[in-house]
1. How much net charge surrounds Phe218 when only other residues with a Cβ under 15 Å from its Cβ are counted (Lys, Arg +1; Asp, Glu -1)?
2. I want the antiparallel fraction of DSSP beta bridges within the chain, as a percent rounded to 5.
3. Relative to the present Cα-Cα distance, how much length would full extension add between Arg176 and Arg4 at 0.36 nm per residue of separation?
4. Suppose R0 equals 25 Å; then what is the FRET efficiency for Lys70 and Lys270 from their Cβ-Cβ distance, rounded to the nearest 0.05?
5. Pulled fully out, how much extra length does the chain show between Gln319 and Gln49, if you take 0.36 nm times their separation in residues and subtract their Cα-Cα distance?
6. Non-local amide H neighbours of Asn303 (under 5 Å, H modeled in plane, Pro and chain starts lacking H): which ones?
7. For a 31 Å ceiling on Cα separation, which of these pairs sit above it: Lys245/Lys297; Lys264/Lys297; Lys19/Lys271; Lys7/Lys70; Lys75/Lys270?
8. If you take every residue apart from Ala335 with its C-beta less than 13 Å away from the C-beta of Ala335, what net charge results, scoring Lys and Arg +1 and Asp and Glu -1?
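Each reported figure results from applying straightforward, stated rules to the coordinates on display, with no laboratory input. Since we're looking at a predicted model, the values are computed, not measured. All Cβ positions, glycine included, derive from the backbone under ideal geometry; neighbour counts span all protein chains shown.
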Amino acid sequence: MAERIGKRSIMLTTPVSVKAAAGVGGHKEAEGPLGSCFDMTYTDDRRGQDSWEKAEGIMQNDAARFAIEKSGIQKNDIDLMLAGDLLNQCMSSTLGLRSMGIPFMGQYGACSTMAQNIGLAALLCDGGAFRNVMAVTSSHFCSAERQFRLPIEYGGQRTLTAQWTVTGAGAAIVGRGGNDCFIKGITIGRMTDLDVTDANNMGAAMAPAAADTIGAFFRDTGCSPMSFDLILTGDLGYVGSDLLKELLIRDGFDISAVHEDCGKLIFDRKKQDVHSGGSGCGCCASVFCSHIVNRIKRRELKNILFAATGAMMSPTMIQQGESIPGICHLVHITAQ
């Protein structure tokens, strides 16, 4: 049974692992530094569908199918699917996964959804109620722009602090046992709001939440940053990553030597017009479920923190002038 450590962290006492994972990406992601790491990339980001939302759903379905194939288990052996996305009422998850016939619970943590889903899956398996739980999430540049900002046909100019919503999806099958990629514990985030109101500066909105959760993990567990091969944040991008490191140094923790961010890894900032990097649920999902999990399974990474970040906003909040709260959930993963 899982044990509470400190105020916000939970340590698993049963061996629970990421048994298999898969990440897919769009054509811009295929052109980036991690293009060869994905299980599948697309030349047509519409995936032959008549809407961007349906295309995003197909991406979730693709990622889920690949994860099942790689796991060696049958679809019927997956007891539950935890899935979500950025769209209203988890639209893409519904469109993409309804045909799979697996019990489903929709999740929303904005861009932190992948860590939220993996953490919840691990707790459910540790408790013994479930054998295998799949965590899935996605984002799509065109569907997100239409909902949160302006349709791409408008041709609006983006600020330098803006990030490029990743067209991608990731799926991870979490279950009892395994040979590697063990989930040791999680730290649950809390909403952090420093009155950021600029919807084109997600890094600034999310960085305080990342600092709050990572700091809480260190205080709860007594670990130090240098205990880890990698501290991976979700999609802070360049602006948010710099701010995160500054905030943690003020709190007494220097993660500079071991920190990376999925929003910085997925694109080549010099060759691709992404301004402050990548964002969206599919950013950390596709990077973690392909590049990072593969490195853990090859024992290149043996002890990591995966801290996905999210901006808990809606179009209505922005229209009403509300500030943008951030959230960050953390998962501690080891190779043994």
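1. +2
2. The antiparallel proportion sits near 65 percent.
3. The span from Arg176 to Arg4 would gain 60.0 nm if fully extended.
4. 0.15
5. Computed gain between Gln319 and Gln49 is 94.2 nm.
6. Excluding prolines and chain starts, which carry no amide H, the hits are Asp229, Leu230, Ala335.
7. Correct reply: Lys19/Lys271; Lys7/Lys70; Lys75/Lys270.
8. That works out to +3.
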